[in-house]
Each structure stands twice: as structure tokens, then as C-alpha cells.
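Notes follow the structure.
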Amino acid sequence: MHTILSSATKTVRIGDDQPFAIIGERINPTGRKIFQLQLRNGDLSRVEIDVKEQVDGGAMLLDVNMGAPLADEAALMTRAVTLIQELTDLPLVIDSSIVEVLEAGLAAYQGKALVNSVTAEDDRLEAILPLVKRYGAAVIGLPNDEEEIPEEPARRLELTRKLIHLATEKYKIAIEDIVIDPLAMPVGADTLHPTRTLETIALIKDEFGVNTTLGASNVSFGMPDRYSIGAAFLPIAVSAGLTSAIMDARSPQIVRAVKAADLVLGRDEWGASWIAAHRAQQAREKAAAQAQGQGVT
């Protein structure tokens, strides 16, 4: 099953027979006080830097969130989506908890976007799914509702059933346009959280075969050496059926880990992508060394 996303000129397929889809997480002001201040002042210069760093790092899609406190989020989303489309041809993930902001982003976008996200809460489903249908987008679904963020994988699967049923039957959204987030919780809060996430991925894959994603940085939140945790967790999740993640595309350690998972799981024919990436890195290191030497002389 392929979830097909596009910009005006580029298409990305997410699927278990495709390369793991790296969704760059960085265009998000959460926890970034300077970026928040810039956005409140209408300054999008940091967005340009974030786009370049993530594209250079290997992102295949970019998540866009403009949720800065006291800022006009809808206006910023329109501006950001317009700007990013001028900077890159990567497809975008429109990310907000506010329906009006999602609509602003979708209206400004040229292509088929991924909406991040909708929960299994009745009012959220009724507000967001018609928007997804109207703009021909795909959507990330979260298996939590008004009552809880479930710990048990079986309950997460139950809420996934509800979400997929309503989306496909009531709102006529194609099942391949529904990407489920199995809920990644911090390992520092409970060392069994990652195991529950992995079990949920497997259950969802077995019953529905839909594509999955998650916020990879959530797993290591609050722990030291977060990149090592991410680099260990993601390949395991890929082998369980995870097909994409919203992650730090600037981290070579994590990007290499998922690229290696593609290789050993047979998604990189003849290792062509792995070898090409290695040679490109060698070329960059050689160019940097030459530039440094010229600077010294």
C-alpha cells in the first residue's frame, strides 16, 4: 500500500517496499525561544536555514509547524508554505492543532500534502477529515480519544479501527491516504513504552496494512545521548513495519541508521543508495579539507 504525496514537481511514495520516508521535523518553534520570537515578529529567515539543513541531511518531506505563542499562526503558515515551496520541491506535511491553520496551509500548498494530524476524538474527526477530503490530502491519525492516550497496544488498535472506519466510510478518504501514528512515548518515563509502540505498529500492519509514522524524537525525550537512542530504535521499528518518521534529518547518525535498515531489509537494490551516500559524504569531507587548507595558506 502506497501513500503518495507530492509537491508541484516531485512525488514521494511511502510504503513498506519503498525507502524509509524521512520527514524533517525542524520547522517547528516548540522549545525554540529565538525562533518563536522571530515568528512573532514575522521573520521567516530561520525557516530558510532549517529547509536547507534538512534537505542537505536527506529529508524526503518537511513538516511545517508555525505554532508560536501570541503569533498569527494561520498567516505565518500561509507565508511559510509559500516560501518553502520556493526553496525546495520536497512535499510538505502541514502541522497544526488548529483547523483554520491547517486550512491556510492546505490552501497555499501546490500538490498533495500530509495533514498532521487527527485524533480519534469525535469532534476532531468531524472538523479535520472533511478538510482532508476537500483538499485531496492525506492525513496522520493518532489512536487516542477524549478519554485517554492508551498504553495498551490493543486499545490503540481499537481506536485505529474507529478512525479508519470513519475516514473511509463516512468521509470517503482512501485508506492509503491514512497514515497511523502508533504513539511513541518517552523511554525515560517507562522503559516499556518503545515495546508497546513496536507492538502497535505490528498490529496495525497486520490488520490494515496502512503506512505508519511517529515523532521519533519523542522516544528519547529527557534522556542523555538522544541520537544513539533514536539510531537504535528506528531500525527496529522499521523491521516491525514503520514506513516513515518525523525526525531530525540533520542528524547523520539517525539518517544513516534508517538508510542502513533500508539496505539490510532489501529496499536499496544493490546498495546503490548506500554507496552513493557514502561517496557523497567522502566528497564533502574532501572539499571541506581542501577549503580548510586553502584558508590556512
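Quick look at the numbers
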| read-out | value |
| --- | --- |
| Whichever aspartates and glutamates have a C-alpha closer than 20 Å to that of K33, once near sequence neighbours (fewer than 8 apart) are set aside | E25, D43, E48, D50, E53, D63, D72, E73, D95, D248 |
| Most mobile listed residue (G58, G241, G222) in the chain, GNM with C-alpha springs under 10 Å | G222 |
| Cut-off 20 Å, label 7 Å out along Cα→Cβ of A260, residues of region 11-36 by amide N | 19-23 |
| Cross-link reach list, aspartates and glutamates versus K10, counting only Cα pairs under 14 Å and skipping chain neighbours closer than eight places | E86, D89 |
| Highest average packing first - 276-289, 167-180, Cβ atoms within 10 Å | 167-180, 276-289 |
| Alpha carbon centroid spacing (whole Å) that separates region 150-223 from region 241-297 | 28 Å |
| Relative contact order for the chain, counting Cα pairs under 8 Å that sit 6 or more residues apart, in percent | 19 percent |
| Additional length obtainable on full extension of the chain from Y227 to A291, 0.36 nm per residue less Cα span | 20.2 nm |
| 18 Å Cα-Cα threshold exceeded, pairs from K112/K133; K133/K172; K112/K162 | K112/K162 |
| Gyration tensor over alpha-carbon atoms, the chain, equivalent ellipsoid semi-axes in Å | 30, 24, 19 |
| Heavy atoms of Y135: accessible area, 1.4 Å probe, square angstrom to 10 | 80 Å² |
| Burial order of peptide ranges 158-166, 16-24 (average beta-carbon count within 10 Å, highest first) | 16-24, 158-166 |
| Rounded percent of accessible protein surface that carbon and sulfur make up, the chain, 1.4 Å probe | 53 percent |
| Cβ charges +1 (Lys, Arg) and -1 (Asp, Glu), total dipole of region 81-178, debye | 460 debye |
| Candidates D50, D262, D206: whichever shows maximal mean-square fluctuation once the chain is modelled as a Gaussian network with Cα springs under 10 Å | D206 |
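The values are calculated or read from the model by the stated rules, or taken from the named source; none is laboratory data. Everything numeric in this text was worked out from a predicted model, so none of it was measured. Note that we place each Cβ from the backbone using ideal geometry, even for glycine, and neighbour counts take in every protein chain shown. Accessible surface is based on the protein model in full, side chains and every heavy atom, while ligands, DNA and RNA are left aside. Shrake-Rupley method; radii C 1.70, N 1.55, O 1.52, S 1.80 Å.
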